[in-house]
Amino acid sequence: MTRAGFFETDITPAVGMEMPGGYGKCYQRAYRDRLKVRAGVIDDGKTRVALVGIDTCVIAARTVAAARAEIEKRCGIPGGNVMIGASHTHSGGPLFGAFPDEFEGASALVKELALNHSTVVDLLYQDWVVRQIATAVYEADRRREKALLSVGKGQEGAAGFNRRFRMKSGRSVTHPGKVHPDIVEPAGPIDPDVGVLAAWRPDGALLGCVINYTCHGTTGPGGTSADWITFMDKTIHGAMGGNPVTVFLNGAAGDVTQVNNRSPRIPDFGEESARKVGMRVGAEALKVLVSEPRGRLQPVAALSKILDLPRRAPSPASLKKARELVQATLKSKAMSNDFTFAKERLILDYLIRTEPVVRAEVQAIQVGPAVYLSNGAEFFCQLGLDIKAASPFPFTFVVELANGSIGYVPTEEAFAPTGGGYETVLTSYSNLEPDAGPKIVEASVALARRLKPGAVPRGKLVKTQPQCWDYGIRGPDLD
């Protein structure tokens with residue numbers, strides 16, 4: 001029988017630490033709910049894999065590498081068999097941004113911009129998170145027990161919305177504003193799938209589950225928070241009882257948020273919004289949990305591939321203009337969005353000199369008829385749907401912001417003259433060539449095609465019954 005184990009650890013940052021989610025400094029000002037690492041280990045007797053969800057905006061490749069090394073050291077699960085996906089909460093801890101040692105060779109101006117006007121990784125916090133990730137996987141592995149698995153997907157189409165719109169001007173705009181009169185139509189789709197992989201004790205108790213859904217963690221319920229994922233977790237716990245661990249892996253949500261720009265209704269932010277998204281997704285996951293038959297779900301396997309993705313460089317003229325604007329702003333202290341994108345362009349110019357090509361991991365983890373296909377991008381939703389359409393697996397779950405961070409990866413259409421949106425603007429975070437998306441899609445599908453889907457559990461079946469139920473063939477009585 002398959003064996004499975006789940007465990008969670010705490011990574012809640014202290015009030016006063018940086019709170020990533022934008023291009024400038026922002027700090028934790030209050031506590032709302034705990035941030036966690038949640039891990040599930042699945043073992044078919046030949047191969048062990050770990051699926052890990054972490055409540056953070058993004059997670060860097062070097063952080064993942066350190067965690068994988070510690071996991072392999074502690075419990076022997078190969079690093080390549082571990083998938084670590086960021087939930088993309090914008091209310092998390094300082095695990096995203098510049099690493100100070102990245103800018104040792106930079107000019108004084110670039111150092112000032114990268115370290116004092118941008119989000120910076122807190123190295124002590126990172127070291128603690130690495131240990132907490134390793135502990136979550138180690139304990140999940142140690143607690144493995146005989147389990148039956150189930151897999152399925154539901155549909156939740158009213159919690160997430162594409163935030164990019166085609167306007168009457170012929171261009172696409174990100175978040176044009178609620179019920180803007182020039183909106184023509186959404187510039188991209190949503191993915192309503194709620195993917196659920198669950199492990200059950202033979203007595204029917206839920207050990208843990210892995211939920212895959214596509215939506216930014218940007219409801220901002222107030223203070224340090226796992227965002228709407230907290231309410232999803234509570235919804236499942238409240239209905240199932242016991243102490244199951246809910247691992248969340250975000251889908252291709254690069255252009256999908258909770259904001260419904262075509263509706264005048266509010267709120268789209270705050271606790272009410274977080275509750276709405278989380279409870280809707282959690283409720284749909286519950287429907288899948290109680291509906292799908294359970295079985296062994298074999299085989300278990302893991303594959304990965306490293307892609308070399310070139311950065312796109314800013315022009316010398318744009319760099320000259322950006323430098324002049326930055327220097328004038330630092331002197332006047334009149335900060336603006338123009339300053340933000342100018343300083344980002346100067347930081348990018350330095351990064352291109354040190355690392356012109358980004359090494360990006362694409363990974364596949366198989367559990368029977370299900371496959372998780374991950375990448376480190378804020379991946380546009382259409383690209384995720386392209387992967388699903390070409391995958392040979394009946395259950396294909398795309399995971400973004402996993403095993404590293406490579407910024408926004410839009411569709412090629414978004415870079416066309418009629419495209420647009422800030423996701424296509426050059427920054428230190430988002431700067432890959434326009435064909436990065438198709439390359440990731442192709443690599444993901446190729447990994448899936450190297451694996452053979454396992455059988456889907458059918459549950460208990462009855463033999464054909466040649467006779468009708470005696471009660472059922474009686475009537476009608478008319479006298």
Matching entry among Thr427, Thr418 (being in the same structural domain as Gln366 (by TED's automatic domain parsing), at pLDDT 95 or above and surrounded by 12 or more Cβ atoms within 10 Å (Cβ to Cβ)): Thr427
Restricting the stretch 8-38 to residues that are in contact with a Ser or Thr (Cβ under 8 Å, 6 or more places away or on another chain) and assigned to a strand (DSSP E or B), which is surrounded by the fewest Cβ atoms within 10 Å (Cβ to Cβ)? Tyr31
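Rundown of residues vs (1) under 29 Å from Asp33 (Cα atoms); (2) in contact with a helix residue (DSSP H, G or I) (Cβ under 8 Å, 6 or more places away or on another chain); (3) not in a helix (DSSP H, G or I), yes/no style:
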residue	(1), (2), (3)
Arg62	yes, no, no
Ala66	yes, yes, no
Glu70	yes, yes, no
Ile77	no, yes, yes
Ile84	yes, yes, yes
Gly93	yes, yes, yes
Phe96	yes, no, yes
Glu102	no, yes, no
Gly105	no, yes, yes
Which of (1) touching a residue at least 60 places away in the same chain (Cβ under 8 Å); (2) aliphatic (A, V, I, L, M); (3) outside the structural domain of Val367 (by TED's automatic domain parsing) is the odd one out, the single condition Ala443 does not satisfy? (3)
Criterion first (farther than 30 Å from Gly454 by Cβ, polar (S, T, N, Q) and assigned by TED's automatic domain parsing to the domain that holds Ala65) does Ser291 satisfy it? no
Show the residue pairs that are 6+ apart or on different chains and have beta-carbon atoms under 9 Å apart, the first residue being within the stretch 236-249 and free of Cβ contacts under 8 Å to residues at least 60 places away in the same chain, the second being part of a loop (DSSP other than H, G, I, E, B). Ile236/Pro244; His237/Asn243; His237/Pro244; Met240/Ala205; Gly241/Ala205; Gly242/Ala205
Of the residues that sit in the stretch 39-60 and are in a loop (DSSP other than H, G, I, E, B) and not charged (D, E, K, R), which one is farthest from the chain's Cα centre (by Cα)? Gly45
Among Lys439, Lys452, the single one that is of a type in the set (Lys, Arg), modelled with pLDDT of 95 or more and part of a helix (DSSP H, G or I) is Lys439
So which of Thr230, Thr257, Thr246 ends up being within 25 Å of Pro189 (Cβ to Cβ), at pLDDT 95 or above and of a type outside the set (Lys, Arg)? Thr257
Answer residue from the stretch 8-50, given it is without any contact (Cβ under 8 Å) to a residue 24 or more places away in the chain and in contact with a Phe, Trp or Tyr (Cβ under 9 Å, 6 or more places away or on another chain) and is nearest to His117 (Cα to Cα) among those: Gly16
Among (1) on the phi > 0 side of the Ramachandran plot; (2) in contact with a helix residue (DSSP H, G or I) (Cβ under 6 Å, 6 or more places away or on another chain), the one test that Arg275 misses: (1)
Selection count, the stretch 386-402, where residues are in a strand (DSSP E or B), out of contact with any Leu (no Cβ under 6 Å at 6 or more places or on another chain) and not aromatic (Phe, Trp, Tyr): 2
If I filter the stretch 1-60 down to residues being modelled with pLDDT under 95 and of a type in the set (Val, Ile, Thr), which single residue comes out as farthest from Thr224 (Cα to Cα)? Thr2
Sort out which residues of the stretch 192-215 are crowded, with 24+ Cβ neighbours inside 10 Å and part of a loop (DSSP other than H, G, I, E, B), and write them in order of number. Thr214, Cys215
Cβ-Cβ under 7 Å, sequence separation 6+ or interchain: first residue in the stretch 275-286 and closer than 15 Å to Val247 by Cα and touching a residue at least 12 places away in the same chain (Cβ under 8 Å), partner buried (at least 24 other Cβ atoms within 10 Å of the Cβ) and basic (Lys, Arg). Which pairs? none
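The values are calculated or read from the model by the stated rules, or taken from the named source; none is laboratory data. Fair warning: this is a prediction, and the values are worked out from it, not measured in the lab. As a convention, Cβ positions derive from the backbone with ideal geometry for all residues, glycine included, and neighbour counts pool all protein chains shown.
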